[in-house]
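Visitor: Sharing a structure here in structure tokens format.
The values are calculated or read from the model by the stated rules, or taken from the named source; none is laboratory data. Just so we're clear, the structure is a prediction, and the values are computed from it rather than from any experiment. We place every Cβ from the backbone using ideal geometry, glycine too, and count neighbours over all the protein chains shown.
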Amino acid sequence: MANIEKTEFNIQQPASQERDAVEPTQREGERDAERALRPRSIEEFIGQPKVRNQLNLVLGGAKQRGVTPDHVLLSGPPGLGKTTMAMIIAYELGTSLRMTSGPALERAGDLAAMLSNLMEGDVLFIDEIHRMARPAEEMLYMAMEDFRVDVIVGKGPGATSIPLELAPFTLVGATTRSGMLTGPLRDRFGFTAQMEFYSTEDLTKVVLRAAKILGVTIAHDAAMEIASRSRGTPRIANRLLRRVRDFAEVHADGSIDLGAAKAALLVFDVDEKGLDRLDRAVLDALIRGHGGGPVGVSTLAIAVGEEPSTVEEVCEPYLVRAGMVARTGRGRVATAAAWHHLGLQPPEGALGMLEF
Ligand SMILES: Nc1ncnc2c1ncn2[C@@H]1O[C@H](COP(=O)(O)OP(=O)(O)OP(=O)(O)O)[C@@H](O)[C@H]1O
Ligand SMILES: [Mg+2]
């Protein structure tokens, strides 16, 4: 008995320290695990039917005409497969992929070096392209349009500009914040693929596929259970699968049935809707502490012992997307779904109540 109490006591840490199970961005040390699970071809890529169709057309058309395809912008929240798709584009074109990222391109010279090394038909992938420094971005305009750049050599009045021809290439940019892209940059992409959150059905396929690669036996309903708690995000689905696998190896024979999946997700504090402890703490503060709101974000943050920015940027997007919290002019309001989620009866007139 004493043991159990101790274990439960140990779980009472600040919620954020545990918050990694359902975080959509890549966690430390996750890179290798993710690499092993990346689909390599469009065929293998699960879900995103619209993007897949569009890309098939863009790439197929260019291949038929024997030209390099238009530049492609991949836009969408973290963990939905932008980097994966960039690699797939190069694979489908049978060319090589050069990778860099916006923050790495501090000076125009950094970009010039990258561009001048490209071979004809290569794919240049710039991740987080909205974070590129201005001078590099301006150089990129001309590179995208005319496959040439002007490299400035020297400083002040003696500076000269040397034109540099580039091999025709395809730029693939990825961004989680397409709103932060400047107009001129956005206009130079021939095609923008908007990645969407995945259905539970598609995520179930993601989980089953990953389990196969990892050599784990998993029941279909267990895969579905993991999928339905993964917030529409394959990165989270793959991570939860790895956690559940660890649990099943310690507590069972390593194969995952529905019972093992549920027990593991309970240990890792991910509930049926994919909320973790911090999410539930926010709902609790909103509903039990403030009658469902409206209440300001800083008040909520104090109640759960977090920074307002954490509540706003880490918890809220999903609570809003899941239809549990609404942002109003006067503050945050819990919807009927949030009351139900905590096992409570929503008051008359709660947001999202069916009216008869
Ligand atoms: N359609 C898919 N099918 C199977 N696995 C996928 C799919 N999309 C993404 N994944 C897996 O999810 C993980 C994250 O994908 P990826 O790194 O491509 O996301 P991202 O959109 O680039 O994220 P970020 O914005 O953080 O860079 C990878 O391990 C990848 O294998
Ligand atoms: Mg990425």
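Visitor: Among the numbered criteria (1) modelled with pLDDT under 95; (2) away from ligand 2 (no atom under 16 Å from the Cβ), which single criterion is violated by GLU28?
Guide: All conditions pass for GLU28, except number (2).
Visitor: If you don't mind, there's one more thing I want to ask. Among the strands (runs of 3 or more DSSP E) lying completely within the stretch 128-239, list those that include at least 2 residues that are under 17 Å from the mean Cα position of the chain (by Cα).
Guide: 170-175, 191-194
Visitor: If you take the residues in the stretch 308-343 that are acidic (Asp, Glu) and surrounded by 14 or more Cβ atoms within 10 Å (Cβ to Cβ), which one is nearest to GLY232 (Cα to Cα)?
Guide: Among those residues, the one meeting the criterion is GLU316.
Visitor: If you don't mind, another one. Could you tell me how many of the residues in the stretch 21-41 are assigned to a loop (DSSP other than H, G, I, E, B) and free of Cβ contacts under 8 Å to residues at least 24 places away in the same chain?
Guide: Residues that pass the stated criteria total 2.
Visitor: Kindly provide the set of residues from the stretch 330-349 that are at negative phi and at pLDDT below 90, ordered by number.
Guide: The answer is GLU348, and nothing else.
Visitor: Restricting attention to the stretch 150-193, report how many residues are under 20 Å from PRO103 (Cβ atoms) and in contact with a Pro (Cβ under 8 Å, 6 or more places away or on another chain).
Guide: Qualifying residue count for the region: 1.
Visitor: Here's a follow-up. In the set ALA223, ALA143, which member is at pLDDT 95 or above, surrounded by 17 or more Cβ atoms within 10 Å (Cβ to Cβ) and closer than 30 Å to ILE46 by Cα?
Guide: Sole residue among the options that is at pLDDT 95 or above, surrounded by 17 or more Cβ atoms within 10 Å (Cβ to Cβ) and closer than 30 Å to ILE46 by Cα: ALA223.
Visitor: Next question, about the same structure. Among the numbered criteria (1) part of a loop (DSSP other than H, G, I, E, B); (2) under 26 Å from the mean Cα position of the chain (by Cα), which single criterion is violated by GLY293?
Guide: (2)
Visitor: Return yes or no: is ALA281 under 26 Å from VAL207 (Cα atoms) and assigned to a helix (DSSP H, G or I)?
Guide: When the stated conditions are applied, ALA281 does not pass them.
Visitor: Let me ask something additional. Mind listing just one residue for me: the one in the stretch 97-115 that is at pLDDT 95 or above and not in a helix (DSSP H, G or I) and, of those, farthest from ligand 1 (Cβ to nearest atom)?
Guide: Here the residue is ARG98.
Visitor: State which residue pairs qualify: first residue closer than 13 Å to LEU208 by Cα and inside the stretch 252-263, second residue part of a loop (DSSP other than H, G, I, E, B) in any location, beta carbons under 6 Å apart, and separation of 6 or more residues or different chains.
Guide: SER255/THR217; ASP257/ALA219
Visitor: Now, a different point. For the structure I just gave you, tell me whether VAL51 is at pLDDT 90 or above and more than 16 Å from ligand 2 (Cβ to nearest atom).
Guide: No; evaluated as a whole, the condition is false for this residue.
Visitor: Collect the residues in the stretch 167-180 that are within 20 Å of GLY109 (Cβ to Cβ) and either surrounded by fewer than 19 Cβ atoms within 10 Å (Cβ to Cβ) or modelled with pLDDT under 95 (or both), keeping them in residue-number order.
Guide: ALA167
Visitor: State whether the residues of the stretch 205-213 include one that is surrounded by fewer than 20 Cβ atoms within 10 Å (Cβ to Cβ) and away from ligand 1 (no atom under 11 Å from the Cβ).
Guide: Looking for residues that are surrounded by fewer than 20 Cβ atoms within 10 Å (Cβ to Cβ) and away from ligand 1 (no atom under 11 Å from the Cβ), one finds at least one in the stretch 205-213, hence yes.
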